[in-house]
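Input: a single structure, listed below in C-alpha cells.
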Amino acid sequence: MRVLSIFSGIGGFDLAAEWVGFEIIGQVENDPFCIRVLEKHWPFVKRIKDIRDVKGDEFGSVDLLCGGPPCQPASCAGKRRGTEDDRWLWNETLRVTKAIKPRWCLFENPTGILSLQGGVPFEHLLFNLEAQGFSVQTIILPACAVNAPHRRDRVWIVARNAKLLGFDGTENGTGNKERVNRNSQGKDE
C-alpha cells in the first residue's frame with residue numbers, strides 16, 4: 001500500500017505503516033524539528049511543508065491517507081476555539097482527501113472533537129467524507145489499550161472509499177468476484 005501521511009509529526013503513522021510493509025510515498029509537516037526527524041528516517045520521501053500547498057497530484061496514487069490534524073482547536077486542555085482557531089485544518093484535510101481520492105483514510109484526534117461546538121464540526125467532517133464516497137467508522141481507543149501507561153482517549157476515523165473498493169476491501173470488490181468465478185468453474189482457490 002502506498003501511504004501519504006499528513007500532519008506527520010515525527011512519523012508515528014509512517015513507522016507503523018512500514019512495520020506492516022506499506023510504502024511511505026509522502027509526508028506533509030511544517031514543524032522544523034519534526035521535519036529533521038522525518039528527513040533522518042525517510043531521507044528519500046517527498047515532503048511538503050504546508051497542507052495548503054498540497055494539490056493532489058504530487059504523489060501519484062495513494063492507497064492510505066493518514067494523519068492527525070492539529071488537535072489544539074478541539075482539545076479539552078486548550079481554549080477549544082474549534083473552527084475559529086487558525087490551527088483548525090480539517091477543511092484542508094477534507095480538500096486534500098477529495099483531491100487525492102485515496103482508497104482508505106485513517107485520522108486521529110482527541111475526544112474533545114466530539115463535543116466541540118455542540119458536535120457540529122465533527123458531524124460536518126463525517127458528512128463530508130461520506131459525501132466524497134467514503135464509508136466511515138469512528139472508534140475511541142485509549143492509549144492504555146496499546147500498553148501505554150496512561151489513558152489518553154483518542155478518536156480514530158477509519159474511512160473506506162466505497163466508490164473504489166468493494167465490501168471486501170479489494171478494488172471494486174474484485175477479490176470476491178474472482179473467487180466466486182474460480183469456484184463456479186470448479187477450480188481451486
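The values are calculated or read from the model by the stated rules, or taken from the named source; none is laboratory data. Every value quoted in this text rests on a predicted model; they were computed, and no experiment measured them. Note that each Cβ is placed from the backbone with ideal geometry, even for glycine, and that neighbours are counted across all protein chains shown. Side chains included, ligands, DNA and RNA excluded: accessible areas come from the protein's heavy atoms. Shrake-Rupley method; radii C 1.70, N 1.55, O 1.52, S 1.80 Å.
Given the condition touching a residue at least 40 places away in the same chain (Cβ under 8 Å), surrounded by fewer than 19 Cβ atoms within 10 Å (Cβ to Cβ) and in contact with a Pro (Cβ under 6 Å, 6 or more places away or on another chain), answer yes or no: does some residue in region 153-162 qualify? Yes, because at least one residue in region 153-162 is touching a residue at least 40 places away in the same chain (Cβ under 8 Å), surrounded by fewer than 19 Cβ atoms within 10 Å (Cβ to Cβ) and in contact with a Pro (Cβ under 6 Å, 6 or more places away or on another chain).
May I ask you to say which residue of Thr97, Thr93, Thr83 is more than 24 Å from Leu15 (Cβ to Cβ), part of a helix (DSSP H, G or I) and not aliphatic (A, V, I, L, M)? Before you say what the answer is, go through the steps one by one.
Numbers: Thr97 fails: more than 24 Å from Leu15 (Cβ to Cβ); Thr93 fails: more than 24 Å from Leu15 (Cβ to Cβ).
Only one candidate qualifies: Thr83.
Given the criteria farther than 19 Å from Thr111 by Cβ, at pLDDT 95 or above and either assigned to a loop (DSSP other than H, G, I, E, B) or of a type in the set (Lys, Arg) (or both), does Gly26 qualify? Spell out the reasoning first.
Values: farther than 19 Å from Thr111 by Cβ: yes; at pLDDT 95 or above: yes; either assigned to a loop (DSSP other than H, G, I, E, B) or of a type in the set (Lys, Arg) (or both): no.
Judged against the criteria, Gly26 is not a match.
Residues that are in a loop (DSSP other than H, G, I, E, B) and either without any contact (Cβ under 8 Å) to a residue 40 or more places away in the chain or open to solvent by 70 Å² or more (accessible area, probe 1.4 Å) (or both) within region 1-16 comprise Met1, Ile10, Gly11, listed in sequence order. The set of residues in region 81-127 being open to solvent by 80 Å² or more (accessible area, probe 1.4 Å) and among the aromatic types (Phe, Trp, Tyr) consists of Phe127 alone. Taking the conditions exactly as written (under 19 Å from Asn30 (Cβ atoms) and modelled with pLDDT of 95 or more), does Lys98 satisfy them or not? When the stated conditions are applied, Lys98 does not pass them.
Among the residues of region 103-121, are any in a helix (DSSP H, G or I), closer than 25 Å to Asn161 by Cβ, touching a strand residue (DSSP E or B) at 6+ places or on another chain (Cβ under 7 Å) and not β-branched (Val, Ile, Thr)? So far as region 103-121 goes, yes, one or more of its residues are in a helix (DSSP H, G or I), closer than 25 Å to Asn161 by Cβ, touching a strand residue (DSSP E or B) at 6+ places or on another chain (Cβ under 7 Å) and not β-branched (Val, Ile, Thr). Filter region 17-35 down to residues that are out of contact with any strand residue (DSSP E or B) (no Cβ under 6 Å at 6 or more places or on another chain) and loosely packed, with under 14 Cβ neighbours inside 10 Å, then give me how many there are. Of the residues in that region, 5 qualify. Selection within region 36-80: residues that are polar (S, T, N, Q) and at pLDDT below 95. The member of this set that is most open to solvent (accessible area, probe 1.4 Å) is Gln72. Residues in region 131-152 that are surrounded by fewer than 12 Cβ atoms within 10 Å (Cβ to Cβ), among the polar types (S, T, N, Q) and assigned to a loop (DSSP other than H, G, I, E, B): 1 in all.
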